[in-house]
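The values are calculated or read from the model by the stated rules, or taken from the named source; none is laboratory data. These numbers come from a predicted model, not from an experiment. Cβ placement follows ideal geometry from the backbone for every residue including glycine, while neighbour counts extend to all protein chains displayed.
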Amino acid sequence: MDQAHGGEYRDLVVFLAAAGVVVPLFNRLRISPVLGFLAAGVLLGPDGLGRLAQSHSWLNWLTIGDQAQIRQLSELGVAFLLFMIGLELSWERLKAMRRLVFGLGMLQVAVCTLAIAVVFMALGQSLAGAAVLGMGLALSSTAVVMPVLAAQGRINSETGRATFAVLLAQDVAVAPILITVTVLATLAQGMQGGGVEPHALASALFTLVPAAGGLFLMVLLGRLVLRPMFRSVARAQHRGEGRELFVAASLLVVVVAGLAAQAVGLSMSLGALVAGVLLAETEFRREVEVAIDPFKGLLLGVFFIGVGIGLDVDAVAADPVTVLGLAGGLILLKALIIFILARAWGLAARSAIETALVLGPAGEFAFVVLSTGLVEGLADPSLTRKAMLAATLSMFTVPLLAVLARALTKTATLAAAPETEGLSPDAAVLSPDGAVLIVGFGRVGRLVGELLAEHDQRFIALDADPASVRSGRTEGHEVYYGDAARPEMLTACGLESARALIVTMDSPTKVDDVVKTARALRPDLILIARARDDRHAARLYALGVTDAVPETTEASLQLAENTLVDLGVPMGLVLASIHERRDGFRKTFQAAAPDGRGARPARAFRTARTVAQTPPPTPKAT
């Protein structure tokens, strides 16, 4: 291919074209786009259109030829996935789900690893090779399973919570597994005559020293550098210097953390995971999630296309019994173990079946672990490649198994309300559950938050001013940096499960933008907004707020209340009069709201202003 005429960009063009077709199509069909990328990889690889390209040269423009380049981008995609997972691994979440994550989840990893390793040892594999295969295949696919459950509306069900807890435990276990593979490789090199010499053990332990030192240094530097760096970027963004600065900073953190981990002998993915965990405790967590998500999706697409390209159809055809037998056996063995553990952990039979079936197939980290095992010389190349083929095929079955699970449990509903049977009180949902969202954490927002906390009402605050965010965090409140007018930001802060949204910003335009975005995402949401005056209140009612609180009106009511009380009018009568007048204002503002064509009834506005300026009547003392 002549690179002078753009051939060097062919693979990029083919990938972007595939992404542009696959993602919309599979979203329309309510199927995980991951499966589409896997299928696209098979189609665009050497065993797909690549075969026909040998006789039809024009098909070269529809195939991906540079697999090495795809593999490099794939590694970056996995790093971004682990970075996003790290952002979700806050101490609060781990503490809330500790029983399921560190109990059921970790036990699943351990038992499945042991069972799979025993099977491979029975097939003639060495202890080290069987251990690598067991650890790799014991993991499931977060990237496939979670979108499938989301499409079924099962995220907040008992099945969704248990599945997420197990997947979270597997994600936490990835780092120790990768370190274990490195240690096993050093031990294997020191094996002589069926035993391990002392110097081999010392060498294996020595490999942990630079890794542990590197991790400690990354954590230390991360705590010292990350927050000030993002605070500086946020100040620049707040001054209007461009949102791309935050995106660039997020990309920089992922890449630098990954390269730093590689420099001390660890994987790029592990470095990205550590960076995500460090950022999870900062006020910039939500903004980073929003900034990095598009890149994660595209790079993960590269990863799964690379997996699809790696599916050697000829190898499957050459030994279909072994490959299909490994895939089927893996799903059945893992599903049986997970079902037994889930029932022992108190899950209902229906939820245990669903959890077991969707977690039965292998996951994306199987390829990372097994590839590391091949590089380290631990696993038998022939059997390991067949295991990778089996893992790839098993991932294609996740949506089918999810449908099968629903059919087996004979459940017709989509579990709109969370199920609680069999779960302990510390089982948390995947997003902020029942919190009140406060947009704007200046003087008004802080006072609202303090009153909510006084009455044991949990709240999450969001502000685009770094100074306000920092002040709120210093006082111990859960405040995040970000622009609430962006739908992805509100979604990241848990709008879907929020009990109410309070907008306290002093800019009418920004208040309008947030109200429009929130109402479009949640038509049923309790939405209370601060208004500048009566005209702004009427406009907010037209945008769909539950209540608008105009500053001018509330100021006049407060003045009237204080005056009446100081004049000796009984407090009860004063409060009743104030509430009556406030209700009248609300009805007037709602009547003054612009109609569907945007017309503004001038008479209603004049009436609202007249009412606002009329002093309340003086009640007669009884």
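Only one entry of Val78, Val42, Val13, Val109 meets the criterion of being more than 30 Å from Leu149 (Cα to Cα), modelled with pLDDT of 70 or more and either in contact with a Ser or Thr (Cβ under 6 Å, 6 or more places away or on another chain) or not in a loop (DSSP other than H, G, I, E, B) (or both), and that entry is Val13. Quick check: anything in segment 322-329 surrounded by fewer than 21 Cβ atoms within 10 Å (Cβ to Cβ) and modelled with pLDDT under 85? No, there is no match, as no residue in segment 322-329 is surrounded by fewer than 21 Cβ atoms within 10 Å (Cβ to Cβ) and modelled with pLDDT under 85.
So is Ile331 over 27 Å from the mean Cα position of the chain (by Cα), in the same structural domain as Leu73 (by TED's automatic domain parsing) and assigned to a helix (DSSP H, G or I) or not? No, not satisfied. For the criterion of being within 14 Å of Gly301 (Cα to Cα), assigned by TED's automatic domain parsing to the domain that holds Asp314 and modelled with pLDDT under 70, Val23 passes. Taking the stated definitions as given, is Val313 modelled with pLDDT under 90 and either surrounded by fewer than 20 Cβ atoms within 10 Å (Cβ to Cβ) or acidic (Asp, Glu) (or both)? Taking the combined requirement at face value, the residue satisfies it.
Only one entry in Gly568, Gly598, Gly544 is at pLDDT 80 or above, surrounded by fewer than 14 Cβ atoms within 10 Å (Cβ to Cβ) and at positive phi, namely Gly568. Among the residues of segment 88-103, the ones that are at pLDDT 75 or above and buried (at least 23 other Cβ atoms within 10 Å of the Cβ) come to 2 in all.
Condition first: crowded, with 22+ Cβ neighbours inside 10 Å, at pLDDT 80 or above and of a type in the set (Ser, Thr, Tyr). Can you find one or more residues in segment 220-237 that meet it? There is no residue in segment 220-237 that is crowded, with 22+ Cβ neighbours inside 10 Å, at pLDDT 80 or above and of a type in the set (Ser, Thr, Tyr). Summed over segment 270-315, residues that are touching a helix residue (DSSP H, G or I) at 6+ places or on another chain (Cβ under 6 Å), part of a loop (DSSP other than H, G, I, E, B) and not β-branched (Val, Ile, Thr) total 3.
Each row is one residue, and each column tells you yes or no for (1) closer than 22 Å to Ala435 by Cβ; (2) in a helix (DSSP H, G or I); (3) not assigned by TED's automatic domain parsing to the domain that holds Ile502.
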| residue | (1), (2), (3) |
| --- | --- |
| Val514 | yes, yes, no |
| Ala520 | yes, yes, no |
| Asp524 | yes, no, no |
| Leu564 | no, yes, yes |
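For Leu336, the criteria (1) under 19 Å from the mean Cα position of the chain (by Cα); (2) surrounded by fewer than 21 Cβ atoms within 10 Å (Cβ to Cβ) hold in every case but one, which is (1). Is there a residue in segment 377-388 that is in the same structural domain as Leu107 (by TED's automatic domain parsing), surrounded by fewer than 22 Cβ atoms within 10 Å (Cβ to Cβ) and either closer than 30 Å to Thr159 by Cβ or free of Cβ contacts under 8 Å to residues at least 24 places away in the same chain (or both)? So far as segment 377-388 goes, yes, one or more of its residues are in the same structural domain as Leu107 (by TED's automatic domain parsing), surrounded by fewer than 22 Cβ atoms within 10 Å (Cβ to Cβ) and either closer than 30 Å to Thr159 by Cβ or free of Cβ contacts under 8 Å to residues at least 24 places away in the same chain (or both). Residues satisfying the criterion are present in segment 252-266 (criterion: outside any helix (DSSP H, G or I), in contact (Cβ under 8 Å) with a residue 12 or more places away in the chain, out of contact with any His (no Cβ under 8 Å at 6 or more places or on another chain) and on the phi > 0 side of the Ramachandran plot). Going through (1) within 29 Å of Phe367 (Cα to Cα); (2) modelled with pLDDT of 75 or more; (3) touching an Asp or Glu at 6+ places or on another chain (Cβ under 8 Å) one by one, Ser269 falls short only on (2).
A quick yes/no check of all residues on (1) among the β-branched types (Val, Ile, Thr); (2) at negative phi; (3) modelled with pLDDT of 85 or more:
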site: Leu401; (1), (2), (3): no, yes, yes
site: Leu414; (1), (2), (3): no, yes, no
site: Val429; (1), (2), (3): yes, yes, no
site: Leu437; (1), (2), (3): no, yes, yes
site: Gly440; (1), (2), (3): no, no, yes
site: Gly449; (1), (2), (3): no, yes, yes
site: His455; (1), (2), (3): no, yes, yes
site: Arg470; (1), (2), (3): no, yes, yes
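Criterion applied to Gly329, Gly346, Gly363 was being on the phi > 0 side of the Ramachandran plot and of a type outside the set (S, T, N, Q), and the one residue passing it is Gly346.
Contact annotation: residue pairs with Cβ atoms under 9 Å, 6 or more positions apart or on different chains, pairing a residue in segment 310-336 that is free of Cβ contacts under 8 Å to residues at least 60 places away in the same chain with a partner that is of a type in the set (D, E, K, R), are Ala318/Asp312.
Within the option set Arg499, Arg470, Arg486, being of a type outside the set (Gly, Ala, Ser), more than 21 Å from Arg458 (Cα to Cα) and outside the structural domain of Asp293 (by TED's automatic domain parsing) holds for one residue only, Arg486.
Going through (1) over 30 Å from Ala131 (Cα atoms); (2) modelled with pLDDT of 70 or more one by one, His56 falls short only on (2).
The set of residues in segment 276-286 being over 15 Å from Gly86 (Cβ atoms) and out of contact with any Lys or Arg (no Cβ under 9 Å at 6 or more places or on another chain) is empty.
Taking the criterion of being touching a residue at least 60 places away in the same chain (Cβ under 8 Å) and more than 24 Å from Ser468 (Cα to Cα), the residues of segment 497-536 that qualify are Ser497, Asp534, Arg535. With respect to the stated conditions, Gly346 is surrounded by fewer than 20 Cβ atoms within 10 Å (Cβ to Cβ), in a loop (DSSP other than H, G, I, E, B) and modelled with pLDDT of 85 or more. For segment 558-594, the tally of residues that are farther than 14 Å from Tyr541 by Cβ and aromatic (Phe, Trp, Tyr) stands at 0. Could we say that Pro523 is under 34 Å from the mean Cα position of the chain (by Cα) and surrounded by fewer than 19 Cβ atoms within 10 Å (Cβ to Cβ) here? So Pro523 fits the description; yes. Residues in segment 245-276 that are closer than 19 Å to Val369 by Cβ and under 20 Å from the mean Cα position of the chain (by Cα): Gly258, Met268, Ser269, Leu270, Gly271, Ala272, Leu273, Val274.
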